[in-house]
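K.L.:
Let me give you the structure first, and then I'll get to my questions.
The values are calculated or read from the model by the stated rules, or taken from the named source; none is laboratory data. Just so you know, these numbers come straight off a predicted model, no measurement behind them. Cβ coordinates were reconstructed from backbone atoms using ideal geometry, including for glycine residues, and neighbour counts include every protein chain displayed. Surface areas here come from the heavy atoms of the whole protein model, side chains and all, with no ligands, DNA or RNA. Shrake-Rupley method; radii C 1.70, N 1.55, O 1.52, S 1.80 Å.
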Amino acid sequence: MLNWQNVRMHWKKVALASLPIAYGLNALKSSYEISKYMRTICNDVKNSSGSSKNVLVILNPVADKKNSEKMFRKFCEPVLHLSGFTVDIKKTKHVGHAKTLVESLNSLPDVIIVAGGDGTSSEVVTGLLRRGVPPCPIVLLPLGEKSNTALRYLQHVPNSKLETVKCLISTLQPLIEDRTQFCNVVKYDIIDSDAHEVHKPIYGLQNFSWGLLRDIEAKQSKYWYFGYLRHHAAALFNAFSDKLQWNIKAKIVLTPPCPGCSNCKMPTNQKPKISFANFYATRSISEKTTNFINEFCNAEKSEYVEMNQIDISCNKNSDSFFELKTDLVKSLTPGFNFLGNISSVVHRSVEPAISLKSRTIKLYPSIQASTYYIDGEEYDVRPIKISLIPNAIKLFC
């Protein structure tokens with residue numbers, strides 16, 4: 001009875017003391033569940049048939065606030081070794097390093113594992129496709145602060161450490177079971193008036209973003225002290241700002257979507273190996289594609305647009321082939337109009353004024369001082385041609 005009276009008299013102190021105790025118990029419970037799950041996975045992998053593949057891991061050690069290396073070595077590396085893979089780890093040291101690492105490899109491994117976020121994934125794919133030889137399959141581990149490319153192949157977004165570990169293991173499972181699928185790639189070519197300057201293409205797996213919504217998203221790191229509301233804070237405190245570029249102007253040139261014909265078949269110096277077993281099937285598909293001619297394939301349509309935001313992504317249409325979808329947002333103005341749309345701005349659900357479908361799109365910006373984003377990576381705005389390359393790379397997923 002005395003103890004209960006003390007609790008009633010000092011309930012604030014008891015409530016305050018219970019918070020770290022509850023946090024500690026929850027951490028212990030989470031650690032136990034992760035250990036139990038990893039023990040089960042390791043036993044299953046150890047008892048399964050092994051593999052002798054050479055695996056190259058491109059690890060971005062600063063991804064996810066420098067937690068990526070710890071997560072990989074604690075949960076992913078043991079599973080790879082138990083599966084019988086020969087693992088070689090190369091760490092990136094700066095932005096663009098993953099690209100040069102892959103591009104300068106003497107020979108490709110059997111598999112490349114990307115341990116990082118969207119930017120690291122784009123760099124690895126760019127390095128692979130710049131080599132001019134058939135690329136090796138890749139695995140995308142969601143170990144970055146933004147891993148939208150990897151997470152879109154999973155069933156749900158993890159919201160706890162246990163679910164994060166399960167997501168990491170589920171991305172490795174197709175590699176262990178040797179399950180792959182082809183993935184589309186978006187190619188970005190710089191359009192330069194100077195013919196003497198040579199620009200290598202950039203390749204991406206996710207999307208192209210340019211304009212107001214992406215600029216506000218990039219500013220949210222300045223409002224870190226708002227926690228999960230930092231994106232809302234970035235939108236709120238810039239609603240009346242004249243430093244943001246509220247409108248962007250550009251000339252766009254489109255070619256219509258095409259399922260693939262002799263006109264739009266891109267020349268390549270890649271020479272894939274064809275076995276005797278699938279020679280006739282491959283030849284029949286090749287002849288069917290080559291003989292098909294779409295007279296509207298290279299027809300260009302151009303117009304000048306003024307907008308708040310432009311987003312370009314790869315989508316599958318109703319005819320079951322892929323195309324580029326371009327969404328143009330024009331409805332946002334500084335002030336109270338923007339304040340009323342903060343929720344839509346944060347969740348990137350502002351209704352586009354126009355949606356365009358194309359096979360390729362050329363952008364000729366009318367402004368100089370600005371940046372656009374390819375798979376979350378920042379680039380200076382320049383005239384650019386964006387093309388869709390179907391089934392360019394093989395992915396374990």
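K.L.:
Are there any strands (runs of 3 or more DSSP E) wholly within the range 144-257 with 1 or more residues that are of a type in the set (Val, Ile, Thr), and if so which? Walk me through how you get there before you give the answer.
P.N.:
On the way: elements: 180-190, 202-204, 207-211, 248-255.
Ranges flagged: 180-190, 202-204, 248-255.
K.L.:
Kindly indicate whether Glu323 is open to solvent by less than 30 Å² (accessible area, probe 1.4 Å), of a type in the set (Asp, Glu) and closer than 30 Å to Cys183 by Cβ.
P.N.:
On the way: open to solvent by less than 30 Å² (accessible area, probe 1.4 Å): yes; of a type in the set (Asp, Glu): yes; closer than 30 Å to Cys183 by Cβ: yes.
Criteria met by Glu323.
K.L.:
Can you go through Lys316, Lys273, Lys288, Lys265 and tell me which one is within 26 Å of Leu205 (Cβ to Cβ) and at pLDDT below 50?
P.N.:
Numbers: Lys316 fails: at pLDDT below 50; Lys288 fails: within 26 Å of Leu205 (Cβ to Cβ); Lys265 fails: at pLDDT below 50.
Selected residue: Lys273, the only one of Lys316, Lys273, Lys288, Lys265 that is within 26 Å of Leu205 (Cβ to Cβ) and at pLDDT below 50.
K.L.:
On to the next question. Mind listing whichever residues of the range 111-135 are touching a residue at least 40 places away in the same chain (Cβ under 8 Å) and either among the aromatic types (Phe, Trp, Tyr) or part of a loop (DSSP other than H, G, I, E, B) (or both)?
P.N.:
Gly117, Gly132, Val133, Pro134, Pro135
K.L.:
Restricting attention to the range 188-231, report how many residues are within 23 Å of Met307 (Cβ to Cβ) and within 23 Å of the chain's Cα centre (by Cα). Quick ask: steps written out before the conclusion?
P.N.:
The first filter runs over the range 188-231 and keeps only residues within 23 Å of Met307 (Cβ to Cβ), leaving 188-191, 202, 204, 206-220, 231.
Applying the additional criterion that residues be within 23 Å of the chain's Cα centre (by Cα) yields 188-190, 202, 204, 206-220, 231.
Of the residues in the range 188-231, 21 are within 23 Å of Met307 (Cβ to Cβ) and within 23 Å of the chain's Cα centre (by Cα).
K.L.:
Assess whether Ser83 counts as being more than 22 Å from the chain's Cα centre (by Cα), at pLDDT below 95 and surrounded by fewer than 14 Cβ atoms within 10 Å (Cβ to Cβ). Don't jump to the end; show me each part of the working.
P.N.:
Details: more than 22 Å from the chain's Cα centre (by Cα): yes; at pLDDT below 95: yes; surrounded by fewer than 14 Cβ atoms within 10 Å (Cβ to Cβ): no.
Here the answer is no, as Ser83 does not meet what is asked.
K.L.:
Can you pull out every residue in the range 151-172 that is more than 22 Å from Ser30 (Cβ to Cβ) and surrounded by 16 or more Cβ atoms within 10 Å (Cβ to Cβ)?
P.N.:
Residue satisfying the conditions is Tyr153 alone.
K.L.:
Which residue out of Leu56, Leu101, Leu105 is more than 14 Å from Leu143 (Cβ to Cβ), in a loop (DSSP other than H, G, I, E, B) and assigned by the TED database to the domain that holds Val124? Steps first, please.
P.N.:
Working: Leu56 fails: in a loop (DSSP other than H, G, I, E, B); Leu101 fails: in a loop (DSSP other than H, G, I, E, B).
Among Leu56, Leu101, Leu105, only Leu105 is more than 14 Å from Leu143 (Cβ to Cβ), in a loop (DSSP other than H, G, I, E, B) and assigned by the TED database to the domain that holds Val124.
Residue-by-condition table, conditions (1) open to solvent by 60 Å² or more (accessible area, probe 1.4 Å); (2) part of a strand (DSSP E or B); (3) of a type in the set (A, V, I, L, M); (4) not assigned by the TED database to the domain that holds Val55:
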position	(1), (2), (3), (4)
Pro334	yes, no, no, yes
Asn337	yes, no, no, yes
Val345	no, no, yes, yes
Glu351	yes, no, no, yes
Lys357	yes, yes, no, yes
Ile367	no, no, yes, yes
Tyr379	no, yes, no, yes
Ala392	no, yes, yes, yes
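K.L.:
Give the range 70-103 a look and list any residue that's among the aromatic types (Phe, Trp, Tyr) and either closer than 12 Å to Gly116 by Cβ or touching a Pro at 6+ places or on another chain (Cβ under 9 Å) (or both), or say none.
P.N.:
Just the residues of the range 70-103 that are among the aromatic types (Phe, Trp, Tyr), to begin with: 72, 75, 85.
Within the range 70-103, Phe72 is the sole residue that qualifies.
K.L.:
Here's another thing I want to ask about it. Among the residues of the range 104-111, is there at least one that is open to solvent by 20 Å² or more (accessible area, probe 1.4 Å), within 18 Å of the chain's Cα centre (by Cα) and not hydrophobic (A, V, I, L, M, F, W, C)?
P.N.:
Step one: list which residues in the range 104-111 are open to solvent by 20 Å² or more (accessible area, probe 1.4 Å), which gives 104-110.
Those still in the list that are within 18 Å of the chain's Cα centre (by Cα) too: none.
No, every residue in the range 104-111 fails to be open to solvent by 20 Å² or more (accessible area, probe 1.4 Å), within 18 Å of the chain's Cα centre (by Cα) and not hydrophobic (A, V, I, L, M, F, W, C).
K.L.:
To continue, here is another question. I'm trying to understand the selection: among the residues of the range 41-66, which are of a type outside the set (A, V, I, L, M), at pLDDT 90 or above and open to solvent by less than 70 Å² (accessible area, probe 1.4 Å)?
P.N.:
Residues satisfying the conditions are Asn60, Pro61.
K.L.:
Let me ask something additional. Being in contact with a Phe, Trp or Tyr (Cβ under 9 Å, 6 or more places away or on another chain), in contact (Cβ under 8 Å) with a residue 60 or more places away in the chain and of a type in the set (Lys, Arg) narrows it down to one residue among Lys166, Lys161; which is it? Give the steps one after another, and end with the answer.
P.N.:
On the way: Lys161 fails: in contact with a Phe, Trp or Tyr (Cβ under 9 Å, 6 or more places away or on another chain).
The conditions single out Lys166.
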